[in-house]
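Reading through the C-alpha cells given below for one structure.
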Amino acid sequence: DGAAQLIARVSEFHQSRPYIRPGMNITAFTKHFCEAKEFEDISYGWSLSFNSNFFAELCYDGWLSICSYPSEIFYVLMPWIDPERCVMDYDKMHISKNVIKRSRKYTL
C-alpha cells in the first residue's frame, strides 16, 4: 500500500477517488460507494492489483474495469460502477413463474 499512498499524494485524480485493494469486503464497499454522498459524482475507484480473484470479486459486485497508464510508469486498474446500470437489486426484481420453472436446473 506504500505505492498507492505515493500515487495518491502526487496525483489529484487518484487522490479524489477511493483506493480499492484485495482483502477488502468488496460487497460492503460497493454498497457504501453506491449510497454515500461523498461518491455521488465519482464513478471510478482505482487499484494497483490485477489479481484475477480480486478482479472477479469486483465484477461479481457490478464493477467494470479499464486500465490507465498514468505518467507511462505503471498500470492502474480503474474499476467503475454505475448503480443504475451495473447493480441488480435481486430483492426488488420480478421473475415470472414461467422463467423460474424453466430455469430450475440453473443457479445464480
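The values are calculated or read from the model by the stated rules, or taken from the named source; none is laboratory data. In this text, all values refer to a predicted model and were calculated from it rather than measured experimentally. Cβ sites come from the backbone with ideal geometry, for glycine too, and all protein chains shown count toward neighbours. Surface accessibility is based on the protein's heavy atoms, side chains included, excluding ligands, DNA and RNA. Shrake-Rupley method; radii C 1.70, N 1.55, O 1.52, S 1.80 Å.
List of remarks:
- The residues of segment 46-83 that are at pLDDT 85 or above, among the aliphatic types (A, V, I, L, M) and open to solvent by 70 Å² or more (accessible area, probe 1.4 Å), listed by number, are 64, 66.
- Residue, nearest to residue 81 (Cα to Cα), within segment 11-22, restricted to residues that are in contact with a Leu (Cβ under 9 Å, 6 or more places away or on another chain) and open to solvent by 30 Å² or more (accessible area, probe 1.4 Å): 19
- Residue under evaluation residue 8, criteria (1) touching a strand residue (DSSP E or B) at 6+ places or on another chain (Cβ under 8 Å); (2) open to solvent by 80 Å² or more (accessible area, probe 1.4 Å); (3) in a helix (DSSP H, G or I), criterion not met: (2)
- Selected residue (only one of 74, 54 is touching a residue at least 24 places away in the same chain (Cβ under 8 Å) and in a helix (DSSP H, G or I)): 54
- Selected residue (criterion: least open to solvent (accessible area, probe 1.4 Å)) from residues of segment 23-41 that are polar (S, T, N, Q) and in a helix (DSSP H, G or I): 30
- Among the residues here, residue 42 does not qualify as within 26 Å of residue 2 (Cα to Cα), in contact with an Asp or Glu (Cβ under 7 Å, 6 or more places away or on another chain) and not basic (Lys, Arg).
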